[in-house]
Amino acid sequence: MKLPKISKLAMLAVMCAGALFFAVSCSDDDDDKDAGKMSTDVDYTIYDATKGAIRVKNNATANMVCFYGQPSAGHVLGGVKPGVTTYLKKDSTIFGNESSDFMLYIVTEEEYKKYYKKSPKTLDAAPYTMMYAFYNSSSTNENIYTISKNLGGGYKIIMQNGTSYNVEMRNNGVDGEILGYIGSNTFNKEFHVADGNYMMFPVFKKYDKNIGEIVSTYPRYSSGGLEGKVKSFSFSLNSEETEVAFNAEDWVKDVRFAPSAAYIKIVNSASDSGVQLYTGATAAAYVNSLGTKNINAGKSLTFAITMDKLSDNTYEESLTTSQYRVGTERQSMDYMAYLSGNAETTFTYEAGKMYTFTITGDQSNGYKAELTATADVDWSKITTE
């Protein structure tokens, strides 16, 4: 049986079709390779402090995925499962070599897998939550960033922030749980929360490189019947009121910023060892806002000492104590250097002031602490600029 002859024109058509199919197939392969660069696999490894950058605790009921800044390729820090506290992996390609503050951006794993590859902007519009965080390149960060169990509900808090301030939204007090965070000049951020009654307190934050500490403050009314009281906003979310909107520009009108802490700067001029700050007779070493407690020989470190909180969510204007001292873990508390001079002498720390103490001496013969400088912190310039 003879096969039918195929004309040259038909043969050419077949060859062209094959070439076109090959080209399309190659194009699809290239697309797959590009998509592979944005893998939706999540690293849920529970890292320890030696390999970690920042520590996150997940009090929510869903798996969470964390980003360094806005959701984008190459900025995924890892995941945290419900009930887990873990360090997110220290990735030098993301964090770099310098200490810095940054926005910790958190979404659910479900939203991440749904939108990350095809529409990162969708993730950017509606985070599960955002937090003001800090990466410490020189030491372990012992702070814990907690994902609230009250987030992720069917109700919305919509935020606008055209100011030059970073703002945390805290519930039921200036040190309450974080409902969200919005950076300066950021608009149309939605935070999903559960129904219920809320009292939101704005807290303004900035990493100040000059003092080596995170400055935290809050607005207070500057006149009227609430003069001196901390500013807050009460609202309810329910079936009749499903969302509320806030503009941070309204929070900085007719207010004055009030410091909630004094700052102690320790300059370690004792060359034999690193030292630590202790604030009680049997307390553990004090950790600053950057998550650091060791002051290496020849270095300095600043600590924010929060004032005692009053019933109206304001703070005392000063704190008087004789307990603060500096030494090493090997030393008995009684043989450490008292910042006030000795156990019987008290010293008053005023909110908004920086106290610099210089440490001399050695472990075997004892250290000496000397107050070498006192200065005001300029609270009028707490901006991100």
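The values are calculated or read from the model by the stated rules, or taken from the named source; none is laboratory data. Predicted model, so just to flag it, every value in this text is computed and none were measured. We place every Cβ from the backbone using ideal geometry, glycine too, and count neighbours over all the protein chains shown.
Against the test of being surrounded by fewer than 16 Cβ atoms within 10 Å (Cβ to Cβ) and out of contact with any helix residue (DSSP H, G or I) (no Cβ under 9 Å at 6 or more places or on another chain), the options S148, S92, S137, S99 yield a single qualifying residue, S92. The number of residues in segment 183-200 being in contact (Cβ under 8 Å) with a residue 60 or more places away in the chain and either assigned to a loop (DSSP other than H, G, I, E, B) or crowded, with 19+ Cβ neighbours inside 10 Å (or both) comes to 4.
Do we find a residue being surrounded by 15 or more Cβ atoms within 10 Å (Cβ to Cβ), within 31 Å of the chain's Cα centre (by Cα) and at pLDDT below 90 anywhere in segment 357-370? No, because not a single residue in segment 357-370 is surrounded by 15 or more Cβ atoms within 10 Å (Cβ to Cβ), within 31 Å of the chain's Cα centre (by Cα) and at pLDDT below 90. Taken over segment 305-328, the criterion of being surrounded by 13 or more Cβ atoms within 10 Å (Cβ to Cβ) and either at pLDDT 90 or above or under 17 Å from V287 (Cβ atoms) (or both) is satisfied by I305, T306, S318, L319, T321, S322, Q323, Y324, R325, V326, G327, T328. Each residue in segment 357-376 was checked for being of a type in the set (S, T, N, Q) and within 16 Å of A297 (Cα to Cα), and 4 of them qualify. When segment 63-95 is filtered for residues that are of a type in the set (A, V, I, L, M, F, W, C) and either assigned to a helix (DSSP H, G or I) or in contact with a Pro (Cβ under 7 Å, 6 or more places away or on another chain) (or both), the ones remaining, listed by number, are I94, F95. A single member of Y105, Y44 is at pLDDT 90 or above, under 18 Å from F134 (Cα atoms) and among the aromatic types (F, W, Y), and it is Y105. E98 meets the stated requirement of being free of Cβ contacts under 8 Å to residues at least 40 places away in the same chain, under 22 Å from Y207 (Cα atoms) and either of a type in the set (D, E, K, R) or not in a strand (DSSP E or B) (or both).
With respect to T163, is the statement that it is over 29 Å from T86 (Cβ atoms), more than 16 Å from the chain's Cα centre (by Cα), among the hydroxyl-bearing types (S, T, Y) and not assigned by TED's automatic domain parsing to the domain that holds K81 true?
For T163, the condition - over 29 Å from T86 (Cβ atoms), more than 16 Å from the chain's Cα centre (by Cα), among the hydroxyl-bearing types (S, T, Y) and not assigned by TED's automatic domain parsing to the domain that holds K81 - is met.
Quick one: in segment 168-182, which of the residues that are β-branched (V, I, T) and in a strand (DSSP E or B) is surrounded by the most Cβ atoms within 10 Å (Cβ to Cβ)? Among them, the one singled out is I182.
This table checks each residue for (1) more than 20 Å from F201 (Cα to Cα); (2) in the same structural domain as S100 (by TED's automatic domain parsing); (3) surrounded by fewer than 18 Cβ atoms within 10 Å (Cβ to Cβ); (4) not aromatic (F, W, Y).
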position: V287; (1), (2), (3), (4): yes, no, yes, yes
position: N294; (1), (2), (3), (4): yes, no, no, yes
position: S300; (1), (2), (3), (4): yes, no, yes, yes
position: F303; (1), (2), (3), (4): yes, no, no, no
position: T345; (1), (2), (3), (4): yes, no, yes, yes
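Among the residues of segment 329-341, the ones that are at pLDDT below 90, assigned to a loop (DSSP other than H, G, I, E, B) and surrounded by fewer than 17 Cβ atoms within 10 Å (Cβ to Cβ) come to 3 in all. Restricting segment 200-224 to residues that are more than 14 Å from the chain's Cα centre (by Cα) and at pLDDT 80 or above leaves a set whose member that is nearest to Y132 (Cα to Cα) is P202.
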